[in-house]
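Presented below is the structure to which this report refers.
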Amino acid sequence: RSTLFPYTTLFRSSRDDLLAGAPMYKAAIGNVYAFTQKGVTFSAAGTIPSPASGVARFGQTLAGDTGNVLVGAPANLNFAGSAHLYSISFPSGMVSATQTAMVTYPGSQFFATSMAFTGSFAVIGSNANLIYYPFANGAIGGPNPLFVPAHTASWANAVAVSGNGFIFAGDPGVN
């Protein structure tokens, strides 16, 4: 059991399921727990285990749409970070998750500290980068860096996407 469980959650109301990230599970390798909803009750529906074998903090961030989930592992790859794309479903009430891609960004530190995902693109942040990835037919495209301000100490530690495609990025280190 994680000391930070759940660290982050993703409720997909169109699917009546809940994903809860536990990035400190097994000495910070990480894990994602899945639950299904019936009425007002959630039932355990399995896990999405970390593909990493060392410190990764898998599950620290989650983003998704109806059939796909991005799971952030900002400590993976010696703290460069990675995001893992899964095709996800709940046949017979249990989670079925197939990893379809792993994305990183060269030169990043703590990549996947923040993430937002729509049916057509993903935005993934790190300590100094905000990267746009097109998404179509279950596949994630190549990286496209977005504007990065001169003061990048905590740029993109929070990111959100509106329904009409606007991207919002937070910088908590600026007054």
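The values are calculated or read from the model by the stated rules, or taken from the named source; none is laboratory data. From a predicted model like this one, the values you see are computed outputs, not experimental measurements. In this analysis, Cβ positions are derived from the backbone assuming ideal geometry, glycine residues included, and neighbour counts consider all displayed protein chains. Only protein heavy atoms, including side chains, enter the accessible area calculation; ligands, DNA and RNA are left aside. Shrake-Rupley method; radii C 1.70, N 1.55, O 1.52, S 1.80 Å.
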How big is the dipole moment of the chain about its Cα centre under a simple scheme where the beta carbon of each Lys and Arg is +1, that of each Asp and Glu is -1, and everything else is neutral? Debye, nearest 20, please. 320
Based on DSSP H runs of at least 4 residues, each adding -39500 (n - 2.57), what is the mean residue ellipticity at 222 nm of the chain after dividing by all its residues, to the nearest 500 deg cm²/dmol? -500 deg cm²/dmol
Solvent exposure of the chain as accessible area per residue, Å², 1.4 Å probe: 47
Fraction of accessible area attributable to carbon and sulfur, segment 1-145 (%, probe 1.4 Å): 53
Kindly rank 78-84, 90-96, 117-123, 55-61 from highest to lowest mean number of other beta carbons found within 10 Å of each residue. 55-61, 78-84, 117-123, 90-96
